[in-house]
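Enquirer: The structure follows.
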Amino acid sequence: MNGLFQTARELTVTALPVEFEALAPPPLLNPGEHLEHCQALRQAIFADLAPRSAIEWLLAIDVAELSWEIRRYRLLPQASGDLSPKGD
């Protein structure tokens with residue numbers, strides 16, 4: 001789950017239009033995170049959603065960024081150990 005994912009079908013390459021690049025800067029990565037993984041997730045989402053209009057691109061960028069953050073929070077307990085309070 002932590003590596004690049006494989007797909008059964010080839011994803012359509014959907015490049016972020018130049019006019020929207022300012023809305024999707026490279027992510028600030030935590031230790032152990034890889035830019036290639038973030039870009040692969042983003043590209044998969046863009047290919048799946050296939051945005052065409054400005055609002056579709058804005059929503060696709062948000063979905064990609066929030067998906068990366070969700071992945072980060074899901075992995076947080078593994079990275080920091082058990083954070084649950086100890087018995088009283």
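No value in this document is a laboratory result; all are computed from the given coordinates. Just so you know, these numbers come straight off a predicted model, no measurement behind them. For neighbour counting, all protein chains shown are included, and Cβ atoms are generated from backbone atoms with ideal geometry for every residue, glycine included.
Enquirer: How far apart, in nanometres, would the label points at ASP62 and ASP48 be if each is projected 7 angstrom from Cα along the Cα-to-Cβ direction?
Expert: That separation, rounded to one decimal, is 1.7 nm.
Enquirer: Between VAL18 and LEU76, what is the FRET efficiency for a Förster distance of 41 Å, r being their Cβ-Cβ separation, to the nearest 0.05?
Expert: 0.75
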